[in-house]
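Peer 1: Quick one: structure below, then a few questions.
The numbers here are math on the coordinates, done by the rules we state, and not lab data. Quick caveat, the model's predicted, so the values are computed rather than measured. In this analysis, Cβ positions are derived from the backbone assuming ideal geometry, glycine residues included, and neighbour counts consider all displayed protein chains.
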Amino acid sequence: MSGALAARYKGLLSYRWGRVSLALAAGAGAALVHPPFHLLPGLLGYPLLLLLSDRSASLKGAFWVGWLAGFAYFFIGCWWVAEAFLVNPAQAWMAPFAASLLPAGMGLFWGAATALYRRFAPVGVRRVLLFAALFALLEWTRGHVLTGFPWNPAGAGWTAGSAMSQFASVVGVYGLGLVTVAAAAAFAPLADPGARRPRLIAAGLGVLALVGLFAFGAVRLASARISETPTLVRIVQADIPQDYKWSPEAYHAILGRYLELTAQPGAALPDVVIWPEGALPTTANDLFATRDAQAVAAALQTGQTLLAGLSRGEPDPSAETGARYYNSLFALHDEGAAGLRIGAVYDKHRLVPFGEYLPMGDLMGKIGVRSLVHVPADFSAGPAPAPISLVNAPPAQPLICYESLYPGFTPATAASRPAWIVNVSNDAWFGATSGPRQHLNLASYRAIETGLPMARATPTGVSAMIDPWGRIVEGKRLDPGHAGVIDVRLPQAAEPTPYGRWGDLPFAVALTLMLIAGRRRAGKAKLGR
């Protein structure tokens, strides 16, 4: 860095609003790496955040630098949550709070990471390791504490299915984030004073890490062997807007659209038909209590299986409403004259706070806040995710909507390893925002981590068949605003991945080694002063 440029940079840092602006710019840049923007220069937000943390005069200052960057990152990445509260005019007042409080809360994790980093007061180029390790540790924490919110972890900035994303098959998306942040932050020492050689070496190692990610992924994709199973899957996308869905007069029109697409002639008869999460504006209990269940059976052919996202109620005298409600996936097998048989039911395990249940429900209810569910009470959580058996298809692991954000929900090496993942989601809540495209990218990482194909069904997009390397099967995608079906042979699962065998262990080992390396240098620096 030239003397004049360095002087301007230091002058900006010494100016309070300059630091605020740079912190916001760091977070915004990192956020714009993610879909649908794909602005890779935004990776420079991480070295900028490191430098701002270095120049903070106190732990408090370092915390606020990280919090501001995190606020900008999550505001850009999660602003679409406000769209869900605009569907119901009675809840529209909550939209500004959702759009601001969520990034404010998530920004606390970034603030904690930068404050911890500043606490150790590291010096030298090896401080990059400490910064990346603490950042990754807090990212992992964000994905787990209080059920977690693992939206847009740093590693998911790479487009799923690309060469750069494939290292997630070894270390998972958190491990990929650790490498990504370390590689980007390695450019921060270029702004340091002093000897040039170690600074250039650090930047060179950052470049080498990025080249290594690409080389690993390119080799993995080049060696991928694509094959199909005999199972023919039909993914149904009816393009039902959320604000239309719950009007009582729309019910039969919506049911009719799903039945028409289900029965639509194709080149061959699908073995499995998939409807998205909450496909119909009714519960499964009401559906099976009416002749509409017969209409569903009539749209299917004998031997077909329908995987339908439907809510259901279960009597429970201890519940305030006399029943518990679940967000479920039903496996309905058509047995001809005998009608539909329920082969399996999967109840969603990881629920969305404020969307499907209210944390501190009594308090929230008193101030007029309620969840977005359209059943008499909040949803209850089902048991831990486990594969379901199907009559005419290989066993599948259901993941309902939000659950597809979480690594580790799908068995990867045990005898119960499924052959594919079924991800049903209702992204209609988020309209034509960036949310549905980001959700597709995040869900696709579960295919990379497990080596399993994923069939993804949503009411308004993006629906797709994803291969075991996280790539959308060519031509097998329906974007937002399109209605139709995807008929596709289920891809053969790949061999179990290292991440499937070891989970987060490689990530934990790398994280520990980087913490030790960075912390030791910091300790020596303190002793020398």
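Peer 1: Determine the gain in length on full extension of the stretch Leu200-His38; use 0.36 nm per residue of separation and subtract their C-alpha separation, reporting nm with one decimal.
Peer 2: 55.6 nm
Peer 1: Karplus couplings for segment 84-89 from phi (6.51 cos²θ - 1.76 cosθ + 1.60, θ = phi - 60°), rounded to Hz, Gly and Pro as x?
Peer 2: Result, ordered by residue: 5, 7, 8, 5, 9, x Hz.
Peer 1: All other residues with a Cβ under 13 Å from the Cβ of Ile201 taken together, and with Lys, Arg as +1 and Asp, Glu as -1, what is their net charge?
Peer 2: Its environment carries a net charge of +3.
Peer 1: According to the square roots a ≥ b ≥ c of the eigenvalues of the Cα gyration tensor, what is the shape class of segment 376-498, taking rounded for a/c under 1.5, prolate for a/b larger than b/c otherwise, and oblate for the remainder?
Peer 2: The shape class here is oblate.
Peer 1: Of all DSSP beta bridges located in segment 384-474, what percent are antiparallel, nearest 5?
Peer 2: 35 percent
Peer 1: Toward the positive end of the charge dipole of the chain, about the Cα centre and with charges on Cβ (Lys, Arg +1; Asp, Glu -1), which of Asn426, Ser100, Phe135 goes farthest?
Peer 2: The residue sitting farthest along the positive end of the dipole is Phe135.
Peer 1: Kindly express, to the nearest 10 degrees and within the range 0 to 90, the angle between helix 95-120's C-alpha long axis and the longest C-alpha principal axis of the chain.
Peer 2: Tilt of helix 95-120: around 40 degrees.
Peer 1: Something else about it: List the residues whose amide H sits under 5 Å from the amide H of Trp420, counting only those 5 or more places along or on another chain, with H placed 1.01 Å from N in the peptide plane.
Peer 2: Answer set, sorted by chain and number: Gln397.
Peer 1: Between Thr141 and Leu190, what is 0.36 nm times their sequence separation minus the Cα-Cα distance? Round to one decimal in nm.
Peer 2: Once the chain is fully extended between Thr141 and Leu190, it gains 14.6 nm.
Peer 1: Let me ask something else. Order of Thr229, Thr262 from fewest to most other C-beta atoms within 10 Å?
Peer 2: Thr229, Thr262
Peer 1: Arg324: net charge of surrounding residues, Cβ under 13 Å, Lys/Arg +1, Asp/Glu -1, itself excluded?
Peer 2: Summing Lys and Arg as +1 and Asp and Glu as -1 gives -4.
Peer 1: Still on this structure, please answer the following. Along its three principal axes, how long is segment 231-493 when you only count alpha carbons? Whole Å, largest extent first please.
Peer 2: 53, 41, 38
Peer 1: Over segment 231-493, calculate the relative contact order: mean separation of alpha carbon pairs under 8 Å at least 6 apart, over the residue count, as a percent.
Peer 2: This gives 21 percent for segment 231-493.
Peer 1: Any idea how far apart Thr512 and Ala121 come out in nm if each label point goes 7 Å out from Cα toward Cβ?
Peer 2: 2.9 nm
Peer 1: Using the C-alpha gyration tensor of the chain, what are the square roots of 5 times its eigenvalues, in whole angstrom, with the largest one first?
Peer 2: 45, 26, 19
Peer 1: Give the residue list of trypsin sites (Lys or Arg not before Pro) in segment 219-296 that are DSSP loop and have at most 15 other beta-carbon atoms within 10 angstrom.
Peer 2: Counting only loop positions with at most 15 other Cβ atoms within 10 Å, the trypsin sites (Lys or Arg not before Pro) in segment 219-296 are Arg225, Arg291.
Peer 1: Can you tell me, using C-alpha contacts under 8 Å and at least 6 residues apart, the relative contact order of the chain as a whole percent?
Peer 2: 16 percent
Peer 1: Can I get the semi-axes of segment 231-351's equivalent ellipsoid? Compute them from the C-alpha gyration tensor as square roots of 5 times the eigenvalues, in angstrom, largest first.
Peer 2: 24, 17, 14
Peer 1: Determine the dipole magnitude for the chain: charges of +1 sit on the beta-carbon of Lys and Arg, -1 on that of Asp and Glu, nothing else is charged, the reference point is the Cα centre, and the result goes in debye to the nearest 20.
Peer 2: That gives a dipole near 3420 debye.
Peer 1: I need the phi-derived Karplus couplings for segment 29-38: 6.51 cos²θ - 1.76 cosθ + 1.60, θ = phi - 60°, integer Hz, Gly and Pro marked x.
Peer 2: Per-residue couplings from phi come out as x, 5, 5, 6, 6, 6, x, x, 8, 6 Hz.
Peer 1: Using DSSP to define loop residues, name the GluC sites (Glu not before Pro) in segment 270-336 whose beta-carbon has at most 11 other beta-carbon atoms within 10 Å.
Peer 2: Glu320
Peer 1: Using the Cα gyration tensor of segment 158-246, with a ≥ b ≥ c the square roots of its eigenvalues, what is the shape: rounded (a/c below 1.5), prolate (a/b larger than b/c) or oblate (neither)?
Peer 2: The shape class here is oblate.
Peer 1: From Cα coordinates alone, what are the radius of gyration and Dmax values for segment 23-151 in angstrom?
Peer 2: Spelled out, the Cα radius of gyration and Dmax of segment 23-151 are 15.5, 55 Å.
Peer 1: How high is the FRET efficiency from Ala215 to Glu474, r the C-beta distance, R0 25 Å, rounded to 0.05?
Peer 2: 0.55
Peer 1: Would you list which aspartates and glutamates come within 19 Å of Lys348, measuring only between C-alpha atoms, while excluding same-chain residues fewer than 8 positions from it?
Peer 2: Partners found: Glu277, Glu314, Asp316, Glu356, Asp378, Glu403, Asp427.
Peer 1: Across segment 171-179, in residue order, what do the Karplus-derived ³J(HN,Hα) couplings come to in whole Hz, using 6.51 cos²θ - 1.76 cosθ + 1.60 with θ = phi - 60° and x for Gly and Pro?
Peer 2: 10, x, 5, 6, x, 4, x, 4, 5
Peer 1: Still on this structure, I have one more. Students often forget the sequence filter, so: which aspartates and glutamates lie under 12 Å Cα-Cα from Lys476 once same-chain residues fewer than 8 apart are removed?
Peer 2: Asp467, Asp487
Peer 1: For Ile226 and Ala337 in the same chain, what is the full-extension length gain: residue separation times 0.36 nm, less their Cα-Cα distance, in nm?
Peer 2: 36.1 nm
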